[in-house]
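Peer 1: Before anything else, here's the structure in question.
The values are calculated or read from the model by the stated rules, or taken from the named source; none is laboratory data. Just so we're clear, the structure is a prediction, and the values are computed from it rather than from any experiment. Because the Cβ atoms are built from the backbone with ideal geometry, glycine has one as well, and the counts that use them run over all protein chains shown.
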Amino acid sequence: MPTTPPPPEPRSAVRTLLRLWPYVRPVRARLFTAAFIAILASCIGLVIPLVLKWMVDGPIADRDPAGVWLGALYLLLLGLAEALLFGFRRWLVARPLSHVEAEMRADLYRHLQRLPVAFHDRWPSGQLLSRATTDLMLLRMFLAFPLTFLLVNGVTILVGVIIMLVQDWTLGLVILIPAVPVLITCVVFEKRYSGAARRAQDQVGDLTTVVEESVLGIRIIKGFGRHRSQARAFRELSGRLRGTELHKARLLATILGVIVTLPELAIGAALVLGAVQVADGSLSAGTLVAFLSTALALRWPVDSIGFLLAMSQEAATATERYFEVMDAEPESGVRGGGVRSPGLRGAAAPTLPHSPLRSGGGTPIAHGGTSQAVQALGEARLPAVAEGLVFEDVSFRYPDAPPDSLPVLDRIDLHVRRGESLALVGATGSGKTTLTALVPRLHEVTSGRITLDGKDITEMSREELRSRVAVAFEEPTLFSASVGENVLMGGGAGADDLGRALAVAQADFAHALPQGVDTQVGEQGLSLSGGQRQRLALARAVVGRPDFLVLDDPLSALDVHTEAAVEAALRRVLADTTALIVAHRPSTVLLADRVALLSGGRITAVGTHHELLRSNPEYAHLMSGDPAGEQEYQR
Ligand SMILES: Nc1ncnc2c1ncn2[C@@H]1O[C@H](COP(=O)(O)OP(=O)(O)O)[C@@H](O)[C@H]1O
Ligand SMILES: [Mg+2]
């Protein structure tokens, strides 16, 4: 099972969050406007205490009711303006920010599609799912709220403190005393919370993986009565997540405790000192009222710092997790022009005896048909164009395999001539699936190369390669779509192609489904039988009339009669297609013109079925269906 990739080296939250800039850039004008409006609204809030001061020292002291009403009207207007501006800010950011989230999600999805199979082998799907959902939601919340309010509250606190110092600087200094311990607490909190946030978000990913696996594997879980152990695994993971969340809550409680208590104490102290000064007559009552209401107005900006920092930290973690996926190298495209054997250039160039194409050197490859072609040309040492599918000295080792392990495929030389079908036979685990996956470049060869009609597959664009090569795997994957849509994914234009492909794959059952080929097959096609799914996958492989067909044991789930019918129809398709077919049964092997035996990572024999049956004991064993034979030759 894939494991969670290790978290990267720690970076500061700010630096991590700065990576969001390309996504935020298009909406920066609105975001800045919104921040400005929020600052304005917040500062209007700070004017309210000054009006109070004017009221207390003026109309209230003079017992002037008209003045009091006027003051009240001012207060009402200020409060209204503040509320309207905050509402306007919200309206400004809501739409663009959901756009940012959608963009980021679309980018992630696009990137996931382009990442190599090796990446998906390594990463658990729940980790990817949680990044595309929870993490992006955290990011949107961060952009909507903490990003603006860390700034707004910072400015508000600064302006408020200045106002208080101007009112009475001794009282102002009293209020400022807790600033130092609060700052220290914030720094310590940031550090601790970042670790906990990372752990929690990774654990959400692990939990998602378990849920996803148990939903997809529900048949196995029920069939083996494993729901208790599965539930136990789930409980354990969710218990761990709960522990981490509680740890986060404790950290948050600590910082809130400090951030709320110390300033309140300072306000209390200032109140006592101020009251004494008012009694002495050295301070006006209005100033004390203004001072205290400013201090109280700053309570929310100060108290909220804990939450805002926590949310920012979670957003930084989310950004980090998002970019871990985005930074993974996508499938490499066309490999830049390395030195190639001159003879293999220009597959379409005719090999005429007196061709002016006298690029020196010997024939680069001489396998099977090509060697015969070269011999037929006599002395004329012309560049041979290897038509068909050629494996040239191909070795392969899975990227995550230990470096000292044996390669799965070891210096494979194989030539499937144009129009020929070659069966690939080998014991389980001998690397047949791996070999077929190399042709559409689901994995990259470790060394050597593969050519299609003389052209290196790494020199083709993926679109070109995958339009020429069609594949069907042993485990047929269908999507939540109609039967027709699933088949036509393989290319082909319309109803005619669809009908033909269904006929070839003996998948005519599709017409008898409730809505014919428009019937939805359900998630992963689980509403169909294994053999039905295999036949649809086969139809998908042949529907686009590919030049090259790679079939990894495509008939394994069929009964003998259906298999024979599929084979008869395939024979017609295969007549003009170059095909590599992994096969286990003699009946499938007989479809092919020749057979290659894969053993110990190498091609140990090539020939017709009957030749190999006579000359190769391992092949004879594999074909005899003798169960002892298989084990004997496994490595
Ligand atoms: N994604 C993978 N990562 C690492 N090793 C793998 C992977 N897939 C297959 N292998 C290993 O490669 C070997 C060949 O596997 P495979 O090509 O599936 O064999 P076959 O199709 O002949 O049964 C096996 O030993 C298997 O364990
Ligand atoms: Mg296999």
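Peer 1: Among what's in region 214-272 and is within 29 Å of the chain's Cα centre (by Cα) and among the acidic types (Asp, Glu), pick the residue that is surrounded by the fewest Cβ atoms within 10 Å (Cβ to Cβ).
Peer 2: Ranking the candidates gives 236 first.
Peer 1: Moving on to the next point. What about residue 477, is it surrounded by fewer than 20 Cβ atoms within 10 Å (Cβ to Cβ), farther than 28 Å from residue 604 by Cβ and within 16 Å of ligand 1 (Cβ to nearest atom)?
Peer 2: Numbers: surrounded by fewer than 20 Cβ atoms within 10 Å (Cβ to Cβ): yes; farther than 28 Å from residue 604 by Cβ: yes; within 16 Å of ligand 1 (Cβ to nearest atom): yes.
Yes; evaluated as a whole, the condition is true for this residue.
Peer 1: Could you pull out every one of the helices (runs of 4 or more DSSP H) wholly within region 23-123 that has 1 or more residues that are among the acidic types (Asp, Glu) and assigned by TED's automatic domain parsing to the domain that holds residue 157?
Peer 2: Details: elements: 28-55, 65-114, 117-122.
Filter on region 23-123 gives 65-114, 117-122.
Peer 1: Looking for something over 20 Å from the mean Cα position of the chain (by Cα), within 21 Å of residue 293 (Cβ to Cβ) and among the β-branched types (Val, Ile, Thr) - is there at least one such residue anywhere in region 143-155?
Peer 2: Yes, there is a match, as at least one residue in region 143-155 is over 20 Å from the mean Cα position of the chain (by Cα), within 21 Å of residue 293 (Cβ to Cβ) and among the β-branched types (Val, Ile, Thr).
Peer 1: Sticking with this structure for a sec: What about residue 270, is it touching a Leu at 6+ places or on another chain (Cβ under 7 Å) and small (Gly, Ala, Ser)? Walk me through how you get there before you give the answer.
Peer 2: Values: touching a Leu at 6+ places or on another chain (Cβ under 7 Å): yes; small (Gly, Ala, Ser): yes.
Yes; evaluated as a whole, the condition is true for this residue.
Peer 1: Within the group 216, 252, 241, 298, which residue is touching a residue at least 24 places away in the same chain (Cβ under 8 Å) and either out of contact with any helix residue (DSSP H, G or I) (no Cβ under 6 Å at 6 or more places or on another chain) or among the hydroxyl-bearing types (Ser, Thr, Tyr) (or both)? Spell out the reasoning first.
Peer 2: Details: 252 fails: either out of contact with any helix residue (DSSP H, G or I) (no Cβ under 6 Å at 6 or more places or on another chain) or among the hydroxyl-bearing types (Ser, Thr, Tyr) (or both); 241 fails: either out of contact with any helix residue (DSSP H, G or I) (no Cβ under 6 Å at 6 or more places or on another chain) or among the hydroxyl-bearing types (Ser, Thr, Tyr) (or both); 298 fails: either out of contact with any helix residue (DSSP H, G or I) (no Cβ under 6 Å at 6 or more places or on another chain) or among the hydroxyl-bearing types (Ser, Thr, Tyr) (or both).
Exactly one residue qualifies, and that residue is 216.
Peer 1: For region 567-606, which positions are modelled with pLDDT of 85 or more and either hydroxyl-bearing (Ser, Thr, Tyr) or not assigned by TED's automatic domain parsing to the domain that holds residue 405 (or both)?
Peer 2: 577, 578, 599, 604
Peer 1: Still on this structure, please answer the following. Kindly establish whether residue 541 is under 14 Å from residue 489 (Cα atoms) and buried (at least 17 other Cβ atoms within 10 Å of the Cβ).
Peer 2: Values: under 14 Å from residue 489 (Cα atoms): yes; buried (at least 17 other Cβ atoms within 10 Å of the Cβ): yes.
When the stated conditions are applied, residue 541 passes them.
Peer 1: Would you mind listing the helices (runs of 4 or more DSSP H) fully within region 459-566 where at least 3 residues are closer than 30 Å to residue 598 by Cα and at pLDDT 85 or above?
Peer 2: Details: elements: 462-468, 483-488, 495-504, 530-542.
Filter on region 459-566 gives 462-468, 530-542.
Peer 1: Report, by residue number, each residue of region 567-609 that is assigned to a helix (DSSP H, G or I) and of a type in the set (Lys, Arg).
Peer 2: Hits for region 567-609 are 571, 572.
Peer 1: Moving on to the next point. Which residues, counting only those in region 553-568, are aliphatic (A, V, I, L, M) and within 16 Å of ligand 1 (Cβ to nearest atom)? Before you say what the answer is, go through the steps one by one.
Peer 2: Here is the first cut: in region 553-568, the ones aliphatic (A, V, I, L, M) are 555, 557-558, 560, 564-566, 568.
Those that are aliphatic (A, V, I, L, M) and within 16 Å of ligand 1 (Cβ to nearest atom): 555, 557.
Peer 1: For residue 452, are the conditions met, namely being within 25 Å of residue 584 (Cα to Cα) and either away from ligand 2 (no atom under 16 Å from the Cβ) or charged (D, E, K, R) (or both)?
Peer 2: no
Peer 1: From the set of residues in region 273-286 that are surrounded by 19 or more Cβ atoms within 10 Å (Cβ to Cβ) and modelled with pLDDT under 90, which is farthest from residue 43 (Cα to Cα)? Give the steps one after another, and end with the answer.
Peer 2: To start, the set of residues in region 273-286 that are surrounded by 19 or more Cβ atoms within 10 Å (Cβ to Cβ) comprises 274, 283, 286.
Checking the rest, the ones that are also modelled with pLDDT under 90 come to 283, 286.
Working: 283: 25, 286: 20 Å.
Out of the qualifying residues, it is 283.
Peer 1: Now for a different question. Given the condition within 29 Å of the chain's Cα centre (by Cα), at positive phi and either within 16 Å of ligand 1 (Cβ to nearest atom) or not charged (D, E, K, R) (or both), answer yes or no: does some residue in region 430-446 qualify? Please lay out each step first, then the result.
Peer 2: First, pick out the residues of region 430-446 that are within 29 Å of the chain's Cα centre (by Cα): 431-446.
Next, from what is left, pick out any that are at positive phi: 431, 441.
Okay, now just the ones that are also either within 16 Å of ligand 1 (Cβ to nearest atom) or not charged (D, E, K, R) (or both), so 431, 441.
Within region 430-446 (the criterion being within 29 Å of the chain's Cα centre (by Cα), at positive phi and either within 16 Å of ligand 1 (Cβ to nearest atom) or not charged (D, E, K, R) (or both)), the answer is yes, since at least one residue qualifies.
Peer 1: To continue, here is another question. When region 273-307 is examined, which residues are found to be in a helix (DSSP H, G or I), under 48 Å from the mean Cα position of the chain (by Cα) and not acidic (Asp, Glu)? Talk me through it step by step, then tell me what you get.
Peer 2: Within region 273-307, the subset in a helix (DSSP H, G or I) is 273-280, 285-297, 299-307.
Right, trim to under 48 Å from the mean Cα position of the chain (by Cα) and you get 295-297, 299-307.
Across region 273-307, the qualifying residues are 295, 296, 297, 299, 300, 301, 302, 304, 305, 306, 307.
Condition check ((1) of a type in the set (Lys, Arg); (2) more than 10 Å from ligand 2 (Cβ to nearest atom); (3) in contact (Cβ under 8 Å) with a residue 60 or more places away in the chain; (4) out of contact with any helix residue (DSSP H, G or I) (no Cβ under 6 Å at 6 or more places or on another chain)) across all residues:
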{"position": "402", "(1), (2), (3), (4)": "no, yes, no, yes"}
{"position": "412", "(1), (2), (3), (4)": "no, yes, yes, yes"}
{"position": "418", "(1), (2), (3), (4)": "yes, yes, yes, yes"}
{"position": "429", "(1), (2), (3), (4)": "no, no, yes, yes"}
{"position": "438", "(1), (2), (3), (4)": "no, yes, no, yes"}
{"position": "448", "(1), (2), (3), (4)": "no, yes, no, yes"}
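Peer 1: I'm trying to understand the selection: among the residues of region 542-576, which are out of contact with any helix residue (DSSP H, G or I) (no Cβ under 6 Å at 6 or more places or on another chain) and either within 16 Å of ligand 2 (Cβ to nearest atom) or of a type in the set (Ser, Thr, Tyr) (or both)?
Peer 2: 551, 553, 556, 562
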